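Read-outs throughout are calculated quantities, based only on the coordinates presented, and are distinct from any laboratory measurement. Keep in mind the model is a prediction, meaning the values are calculated, not measured. All Cβ positions, glycine included, derive from the backbone under ideal geometry; neighbour counts span all protein chains shown.
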Amino acid sequence: MEQVSRRTFGKRALAAGAVAFGLARGAQAAPWWIDQRQVGPFICQSAFPLIEYQELLDELAPLERELMRVLAVQPCKTPIYLHLMANKRQHTEYIRERFPEVPYRQALFIKQNNRASVFAYKNDELDIDIRHECTHALLHADMPMVPLWLDEGLAEYFELAKDKRARHHSHLKKVKWDLKRKKLKSVAELEKEERLEDMTAADYRSSWAWVHFMLHGPVEAHAELVMFLNEIRNHTMPRALSQRLAEAVPNLSWRIQQHFAQL
């Protein structure tokens, strides 16, 4: 079974997730790689010189260590290939030729036949694209699955540079507004989302908000998240995270409101 996670940014319009697609068959010729570097488990092949992006690439090994520290993610044991095109045209042609059944996106994570790959192209948000999709890749390298909403919430959180994650995401202002209007989706509602195409911008914001709450809010919430992921890692069917959070954190709706009111 192939897994695909994909991200598109048209003025922050989001569409990303882990879903199954039938992918192209047959070997394809390699594109125009003119630079290659390895950082941590990532083997980066690029159609443009990477020297100006070395600082961004140097963030990938620390990203893996941060996931290990915060979520107890295990070290990646197999390579993750990061393929970077020089422009949108190259990226579009590359994806359409090799994966014709995958809807085009600005950046994608694809796992096929145990080979994990991230595809993106040079653009103004390449740093966000790379962190977002590489987060998916690291999570799926460690676990057999991650619930769609949580997979996206974690990737949304870790897509920013480390010093900006907690307080500088564009979701923050809208999440506060959603909470005031009682429009923030609950974890139970998010758990019902199983298809990428059904995820809305509000779903992504809500997913990010609950991840933020679990990482920066009550320690009990963080503990439940780590235990939940550990059970998935061990191929144990975990109880719904919505149930676990409700039991571990009394007055959950009020607590998340207070959490964001203090930011």
Computed from the beta carbon distance with a Förster radius of 45 Å, FRET efficiency for E97 and L56 to the nearest 0.05 stands at 0.95
Give the label of the value calculated from the structure for semi-axes √(5λ) of the Cα gyration tensor in Å, choosing from [x] 31, 19, 18; [y] 45, 22, 16; [z] 30, 24, 17.
-> [x]
Cα to Cα, under 12 Å, and not fewer than 8 places away if on the same chain: which aspartates and glutamates meet these conditions relative to K88?
-> D124
Taking Cα pairs closer than 8 Å and at least 6 residues apart, the relative contact order of the chain in percent is 18 percent
Folded to 0 to 90 degrees: helix 219-233 orientation relative to the chain principal axis, Cα | 50 degrees
Please list 46-59, 213-226 highest first by mean number of surrounding beta-carbon atoms within 10 Å per residue.
-> 213-226, 46-59
Taking a straight Cα-to-Cα line shorter than 25 Å from K182, and setting aside same-chain lysines fewer than 8 residues away, one finds K173, K174, K192
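Report the relative contact order of the range 84-226, percent, no decimals, based on alpha-carbon pairs under 8 angstrom and at least 6 residues apart.
Relative contact order of the range 84-226: 19 percent.
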Hey, what number do you get for the chain at 222 nm if only DSSP H runs of n ≥ 4 count, each worth -39500 (n - 2.57), divided across all residues, to the nearest 500?
-> -13500 deg cm²/dmol
Once Lys and Arg are counted +1 and Asp and Glu -1 for all other residues with Cβ under 14 Å from that of L50, the total becomes -4
Going highest first, how would you order 95-104, 154-163 by mean Cβ packing within 10 Å?
-> 154-163, 95-104
